Structure formats: C-alpha cells, structure tokens
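Structure first, commentary second.
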Amino acid sequence: MDTVKLYNGKKMPVMGFKICKNSDEEKAVQSIVKAIEVGFRHIDSAAGYENEELVSKGLKKSGFPREELFLTSNLMVDKHVYSNVRDKVEGILEKLGTSYLDLYLIHWPLDVGTGEDWDKENLETWRAMEELYEEGKLKAIGVSNFSVNHLENIVEHAKIKPMVNQLMIYPGVTQNDVREYCKKYDIIVQACSPLNPLNVLRKEDRIREMLQKYNKSLAQVLLRFGLDLDVLPLTRSAHAYRIEENFDVFDFKLDQADFDYLFHWRHADFTESDDQNGEPPQIS
Ligand SMILES: NC(=O)c1ccc[n+]([C@@H]2O[C@H](COP(=O)([O-])OP(=O)(O)OC[C@H]3O[C@@H](n4cnc5c(N)ncnc54)[C@H](OP(=O)(O)O)[C@@H]3O)[C@@H](O)[C@H]2O)c1
C-alpha cells in the first residue's frame, strides 16, 4: 500500500513530500523533519526551486537512515544540457551527502517553440541520464511535465524509457491522455499540486457533504482522489498538523460517485487542458 514498483523493480513510496521555493529556512527544515516523522519516505528537491540545501539540512536534522529514504531531484533544463547533467548530478549528490539519488527527473521538456531541435535536445539530456543510471548513481530516471509527444520522442528513440512522469493533476486537470499513455508504457505518474483547487472546492455543498460522510478534511479527500486515480501525490505544507493530516489517507476510499464527481469537476480557473474528456476509471 505504501510503495509501488517501478518497471525496473525499484520500490517508490506512494506519498511524496516537497518544500517550495523561497521557504523560510527554519520552517522548511522543521517540515522535512516532521514529514519523515509522520511516515513520508519520499523527499523531493529541485534545482529550479533552489531548495536542495534546505532539503539537505532537513534530512541531516531528521537523522533518519539514508537507505530508508527515497530521494528525488529535478534537473533544470537549459539548452544543450548533455554535458552539464553529470556535473549537476554530482553537485546534488554532494549537497545531499549521498552517493546516489533514488530518482532523477527532467523538470520540464524543451518544447516546440523553444528551438528547432527540442526533440533531439531532450534525447541528449536523456542519454546523459541513462549513463548515470547505468553507473548506479541514479537508481531510477524519469521526467516531469512531459506530454504525449515528449514521451513518444523518448520512448521511441531512447534505450531506456522513463520510469516516472511528474504532472500537475487534481480535479479539473486529470491529464487523461498522458495518464493513459503512461499506463500503456508502465510509467508511474506522480501528481504535483494535488491540493490546487482546495479553496474553491471547499465552498461547494456537495463537497461539504462528502467531508462529513468520510469524516476527513478536503485535503485528505483530494489526496485520496489522486490515489484512487492511481497517481502518487506530492504535497508540501509548512504546518505540522497538516503534514500529519496529509499522510493519514490510507484508511478510506472514495465512493465511485464521489470519485466521478471530482473527476468531472470543472472550473474556469483550474481546467485549462483540452484533454479532459475521458471517462473516470473504476476504483479498484
Ligand atoms: N513538477 C513540476 O513542475 C511542479 C509543478 C507544480 C508544483 N510542483 C511541486 O510540487 C509541490 C507541491 O505543489 P504545490 O505547492 O502546488 O502543493 P500542494 O501540496 O498541492 O499545495 C500546497 C499548498 O496547500 C496548503 N496545504 C497543504 N496541506 C494542507 C492541508 N492539509 N489543508 C489545507 N491546506 C494545505 C499549503 O499551505 P501551508 O504550507 O500553509 O500548509 C500550500 O499552500 C511543490 O513543492 C512544488 O514545488 C512541481
């Protein structure tokens, strides 16, 4: 229940924890310590959020054994990055005081419009990650914010396909075409921003009834929605009681009708994609 297996056999904890950019140092360190204390084992960091040093401090303060944690980091992509990937990975390993990362992701793809050779450049970056994977410095490699065309480029031309795709997923943005593609190729989908529509949803009567029925908070219902959609939620909070609450989502499941309601929920501020037409899966 608390881990899934990537297609290479590596186990990945279901619940991930992250701190945001420009976090207050003391709060950020405390939040990582608290997250590990309540049961989060997957801690994410990103060069793009400049939070690797803070994550490192939090990990040290927790005193938790490295080998029992799953550490992810994200590569900030700039152009012609192949030659930089190794240095960036060495840098993060040094900052985190570890000899390997459990998962390394390309944070954003180069895309149509970012240059004529976006597809070749994404593949070059990926090739550098494959090498580090084969050397054992990266135990799993993946991507983030990759649409179907970005994934196809890697799956069809690279030696190793991505193991994870981290995407914005929450009611209103369920990324049906990308999730379907990932399922077909055994790529685990991780959901960042799972609580995004929380402040809008909380005003709805239907949602208030749901919370009473399950005796859970809206954050818990949204995280459960992600789990029932077969995606792995990645959350953050600076508050100890919320960190605790966000991990306490394994003792209930949504009814199919409530799940379907959230799956079909639309709001102008949150539904931007044109791929929202799929049918909700049956909760297993
Ligand atoms: N891969 C990507 O490109 C990408 C894109 C978006 C986000 N991310 C990353 O994913 C992480 C999560 O995204 P996110 O920041 O949108 O996170 P989120 O977990 O969906 O939402 C975090 C927000 O919800 C609040 N919150 C957390 N738990 C709560 C609870 N139980 N009840 C009420 N409010 C609660 C937090 O406030 P408090 O801190 O005050 O509790 C914070 O404002 C971020 O660290 C971000 O870096 C990655």
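None of the figures in this text is laboratory data; all of them are computed from the coordinates on show. Here the structure is a predicted model, which means the values were calculated and not measured. Ideal geometry is used to build each Cβ from the backbone, glycine not excepted, and the neighbour counts take in all protein chains shown.
Treating cross-link reach as a plain straight distance, find the lysines whose alpha-carbon is under 24 Å from the alpha-carbon of residue 11, omitting any fewer than eight places away in the same chain.
34, 60, 95, 137, 139, 159, 161, 183, 184, 253
For the stretch 83-199, go through all pairs of different Cα atoms, get the mean of 1/r, take its inverse, and jot down that Kirkwood value in Å.
Over the stretch 83-199, the inverse of the mean reciprocal pair distance is 15.0 Å.
To the nearest 20 debye, what charge dipole does the chain have about its Cα centre, counting +1 at the Cβ of each Lys and Arg and -1 at the Cβ of each Asp and Glu?
860 debye
Quick one: work out the % antiparallel among DSSP beta bridges in the stretch 3-264, nearest 5. Walk me through the numbers before you get to the answer.
On the way: 4 of 32 bridges.
Of all bridge pairs located within the stretch 3-264, approximately 10 percent are antiparallel.
Where Rh denotes the Kirkwood radius from the mean inverse Cα pair distance, what is Rg over Rh for the chain?
0.96
Which helices, taking whole DSSP H runs in the chain, have alpha carbons extending 18 angstrom or more along the helix axis plus mean Kyte-Doolittle at least 0.0?
25-38
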